[in-house]
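Worksheet for the structure shown next.
The values are calculated or read from the model by the stated rules, or taken from the named source; none is laboratory data. Since this is a predicted model, take the numbers as computed values, not measurements. Neighbour counts are summed over all protein chains in view; Cβ atoms, including those assigned to glycine, are modelled from backbone coordinates with ideal geometry. Protein only, heavy atoms only, side chains kept; ligands, DNA and RNA dropped before computing areas. Shrake-Rupley method; radii C 1.70, N 1.55, O 1.52, S 1.80 Å.
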Amino acid sequence: GLPGNRVITAVFTLDGATLDLKITATTDAETPMNFANHSYWNFDGTPCWDGHKLQILADRFLPATDDHYPTGDIVQTAGTTMDFNTPRPINCADHPFDNNFCLSDRPVPIRDALKLQGASGVGMSVATNQTGIQVYDGRGARRPGKATYEGFAIEPQHWPDAPNHRGFPSITVTPDTPYRQTSRWTFTA
């Protein structure tokens with residue numbers, strides 16, 4: 001139902017301990033575009049991700065409604081439970097996660113955005129050129145025979161629901177301005 005005919009390409013490249021994802025898209029008419037990779041992470045092989053350490057290099061986040069949509073507010077992380085500029089342990093009981101962390105107001109060159117490390121010492125850093133990174137606790141993602149909170153989702157993307165909020169960066173793509181997303185996961189042990 002959105003305008004435009006699109007050609008979308010996603011290319012995954014593995015080089016040692018680094019996984020790259022490059023998404024490109026073109027359109028023949030002005031249209032909104034925002035893609036996210038919905039991978040889930042748990043570096044301890046445990047039933048839930050309790051005890052992982054999280055760092056998010058963002059000084060703003062988008063609060064969400066009970067239906068998980070951004071309220072439209074853009075809130076500073078400093079002094080809130082959403083301040084992860086310094087790595088700290090996270091637990092399922094702390095507070096729910098289903099929020100976008102605001103990395104910038106426009107696309108920029110790829111830069112580090114997030115680090116996640118399990119109690120085992122295995123971890124990863126995430127770099128992206130996107131304006132935001134969504135984190136989701138997995139409370140509604142249940143595989144058959146498994147519990148909720150099994151994995152923690154990390155999704156580089158533009159700010160969600162942007163067409164409905166004037167203060168959010170535009171996600172409009174035109175025939176002259178194609179979509180480009182680069183995300184990089186680097187793993188450590």
query = GNM on the chain, C-alpha springs below 10 Å: top fluctuator among D98, D137, D67?
reply = D67
key: Calculated from backbone phi, Karplus (6.51, -1.76, 1.60) coupling profile of the stretch 124-134 in Hz, x at Gly/Pro   = 8, 10, 10, 10, 7, 9, 7, 7, x, 9, 8
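Just how large is the dipole of the stretch 28-187 about the Cα centre, in debye to the nearest 20, putting +1 at every Lys and Arg Cβ and -1 at every Asp and Glu Cβ?
460
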query = When the chain is modelled as a GNM with alpha-carbon springs shorter than 10 Å, which of H68, H165, H38 fluctuates the most?
reply = H68
query = Which log10 I(q)/I(0) values, to two decimals, does the stretch 73-150 give at q = 0.15, 0.19 Å⁻¹ under the Debye formula with one point per Cα?
reply = -0.66, -1.02
key: Relative intensity, log₁₀ I(q)/I(0), of the stretch 136-186 from a Debye sum that treats every alpha carbon as a point, q = 0.19, 0.20, 0.23, 0.24 Å⁻¹   = -0.84, -0.87, -0.93, -0.96
Heavy atoms of K53: accessible area, 1.4 Å probe, square angstrom to 10 = 100
ask   = How large is ³J(HN,Hα) for each residue in the stretch 137-142, as worked out from phi by the Karplus curve 6.51 cos²θ - 1.76 cosθ + 1.60 (θ = phi - 60°), to whole Hz, x for Gly and Pro?
value = 7, x, 5, x, 9, 10
ask   = Considering the chain as a Gaussian network with a 10 Å cut-off on Cα pairs, which listed residue, R139, R166, R88, attains the greatest mean-square fluctuation?
value = R166
task = Using a 1.4 angstrom probe on the protein heavy atoms only, line up R142, R184 by accessible area, largest first.
result = R142, R184
ask   = Starting at 0 and stepping by 10 Å, how many percent of the alpha carbon pairs of the chain end up in each bin?
value = 9, 35, 37, 17, 3
query = How big is the accessible area of V75 in square angstrom, nearest 10, if you roll a 1.4 angstrom probe over the protein chains?
reply = 50
query = What is the magnitude of the charge dipole of the stretch 1-115 about its Cα centre, with +1 placed on the Cβ of each Lys and Arg, -1 on the Cβ of each Asp and Glu, and no other charges, expressed in debye to the nearest 20?
reply = 320
ask   = Summing Lys, Arg as +1 and Asp, Glu as -1, what charge do residues with Cβ under 12 Å from the Cβ of V75 carry, V75 excluded?
value = -2
ask   = Ranked by accessible surface with a 1.4 Å probe, highest first, in what order do Y179, Y149 come?
value = Y149, Y179
request  = Rounded to the nearest Å, what's the spacing between the alpha carbon centres of the stretch 124-189 and the stretch 44-106? Just the number, please.
outcome  = 12
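Place a +1 charge on the Cβ of each Lys and Arg in the stretch 114-189 and a -1 charge on the Cβ of each Asp and Glu, then give the dipole magnitude about the Cα centre in debye, rounded to the nearest 20.
That gives a dipole near 200 debye.
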task = Could you work out the local net charge near R6, counting Lys and Arg as +1, Asp and Glu as -1, over the other residues with Cβ closer than 14 Å to its Cβ?
result = -1
